[in-house]
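Working notes, beginning with the structure itself.
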Amino acid sequence: MKLYDRTIRIAAAAAVVYWAASALACSGGIASNGYRAPDPAIVVAHSDGIVSRHAELSVVLSTGRDAAALEGVNPFTFEPAIDGVVSWSHDGTRVDFKPDEPLKPGKTYRAVFDFSTIGEPSNGWFSFKIRAAEPGFTVVPGPLYAAFDGSLSIDGTVHADEAPSTADV
């Protein structure tokens with residue numbers, strides 16, 4: 001009977017540990033991939049997914065901040081690093097990061113938005129991934145014709161474009 005009681009206690013302890021680990025993983029803690037989702041009560045929207053190589057990366061907050069006091073404050077860090085300029089909307093609800101140079105096509109970046117840099121350490125931080133769109137091109141062939149020198153030529157048009165962003169904020 002004692003062995004049975006000990007087995008029950010071990011199983012119960014294992015269940016509690018499993019439940020606690022599951023709760024932590026689902027509660028906005030750091031996920032196993034190192035990313036943390038934003039608190040929806042604080043962050044309304046943010047850039048995510050495939051973005052234009054030339055686009056600003058944005059975070060929209062649920063309430064405004066003093067934009068004048070935050071001028072020049074950069075709550076973003078990127079991996080790999082991206083140099084750029086931060087601007088705040090006049091009401092302080094939106095912050096945009098404009099890279100100095102276009103993002104590398106097809107490159108994935110990890111962004112971290114740290115509230116402690118804007119004087120709100122209790123709001124923590126959150127992270128997200130973006131991937132720079134890869135430019136594409138299409139060729140529209142025209143007619144094939146023979147030139148006077150006996151060579152063959154073809155007319156046509158080449159269209160170069162950037163894939164549209166899937167994450168406009």
What is the number of the single condition among (1) closer than 18 Å to Ala37 by Cβ; (2) in contact with a strand residue (DSSP E or B) (Cβ under 9 Å, 6 or more places away or on another chain); (3) among the polar types (S, T, N, Q) that Thr157 does not meet? (1)
Determine whether Ser32 is modelled with pLDDT under 95 and in contact with a helix residue (DSSP H, G or I) (Cβ under 9 Å, 6 or more places away or on another chain). yes
Residue check, Thr63 part of a strand (DSSP E or B) and under 20 Å from Trp125 (Cβ atoms): no
From the list Asp114, Asp155, Asp96, pick out the single residue that is over 18 Å from Ser52 (Cβ atoms), touching a Phe, Trp or Tyr at 6+ places or on another chain (Cβ under 9 Å), surrounded by 12 or more Cβ atoms within 10 Å (Cβ to Cβ) and free of Cβ contacts under 8 Å to residues at least 60 places away in the same chain. Asp114
Members of the range 73-93 found to be surrounded by 16 or more Cβ atoms within 10 Å (Cβ to Cβ), in contact with a Pro (Cβ under 8 Å, 6 or more places away or on another chain) and part of a loop (DSSP other than H, G, I, E, B), listed by number: Ile82
For the range 78-93: of the residues being more than 20 Å from Ala45 (Cβ to Cβ) and among the charged types (D, E, K, R), which is nearest to the chain's Cα centre (by Cα)? Glu79
Any residue in the range 49-72 that is among the hydroxyl-bearing types (Ser, Thr, Tyr), buried (at least 17 other Cβ atoms within 10 Å of the Cβ), modelled with pLDDT of 95 or more and under 16 Å from Ala111 (Cβ atoms)? yes
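The values are calculated or read from the model by the stated rules, or taken from the named source; none is laboratory data. Bear in mind that the values here come from a model prediction, so they are computed numbers and not experimental data. We place every Cβ from the backbone using ideal geometry, glycine too, and count neighbours over all the protein chains shown.
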